[in-house]
Amino acid sequence: MNIMRTALLLAAMTALFLFVGGLIGGGPGIMIALVFALGTNAFAYWNSDRLALAAVNAREVDAGSAPELVSLIGELAQRAGLPMPRVYLVDSDQPNAFATGRDPAHAAVAVNTGLMRRLSRDELAGVLSHELTHVKNRDTLTMTITATLAGAISSIAQWGLFWGGGRRNGMGIFGTIALAVLAPLAAMIVQMAVSRGREYEADRGGALICGNPLWLAHALAKISPEAAAIPNEAAQTHPAMAHLYIVDPLRGMGIDKLFATHPSLENRIAALRQLAQSMGIADGPPAPAGAWMPFAAAPGRGQGSFTDGPGIASPWRDEAGHDNSSDGGRIRGPWG
């Protein structure tokens, strides 16, 4: 399904390139746009993840520079049956995160420092599990290519405005201005073709990976209002990236809900609470920021941590930390 969605997306973007090229330059414009479209599509497939990370000035971290974050992502990736993704930090006070990469073997997870400061460890595990579900479902390919090509369409529209509205394009100055306005709008609509349903699926898959839907529900309730209030300069400069994030980084700019890249906060939380109820998990107040305790404590070793805990607390472990599963304690993802 995601492969077909990506193919349809690329075809739609290519058709839009050709249409704009034809309006600007007639037959020769179509040929130029075709070459540009093919080159942009190929470039986006291989490099869109690098562009997304560079756009937010993300810096790669490892077990030496960010041991707790890298260890947590490693545990969750193992639980989901994924290879270890590259891990990046973004120096932004807006609490947010996104995943990128063309496939699980080339995936990266980027976390804003504002997210790290505001969430407890279990809530952070919920957010990271959501992003890893995007990787597992290969949503990241569609999302990163969409971001790159939407930006390219906006650039073509601006080129048309620069070239002018005289004899060269036959549209006149008013037609050229209309094109410069409508082409980016069309690109935004194509982005919306990447269904909001992928966010619900990522919420559900993430809840199953981390083991508790309420961790993500509490995280969303915390970070969504703050993301709307705290500006994200990188996202504002590159608005085509907005759909990559776990919560919309542009909501504070007054974007109409018709063009929102994410489902409503209320609907997402309601779905997660319903999932928790079906799993027999009782609701309760969220852990305070800084608690950072999704790991069970090892017997006789105090509170759990990345270094002394037996792993992510799961329904297969009893209170003493013994694994009661039938498969000998193998860490499993939500799909078995």
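Assorted remarks:
- Paramagnetic label zone (point 7 Å from Cα along Cα-to-C-beta, residue 105; backbone N under 20 Å) in segment 62-78: 77-78
- Computed from label points 7 Å out along Cα-Cβ, the spacing between residue 200 and residue 11 is 2.6 nm.
- Label-point separation in nm, residue 282 to residue 42, each point 7 Å along Cα→Cβ: 6.1 nm
- Between residue 71 and residue 117, the FRET efficiency estimated from the beta carbon spacing at R0 = 25 angstrom works out to 0.85.
Values in this text are rule-based calculations from the coordinates and carry no lab data. Treat the numbers as computed from the prediction; the structure is a model and nothing was measured. Note that each Cβ is placed from the backbone with ideal geometry, even for glycine, and that neighbours are counted across all protein chains shown.
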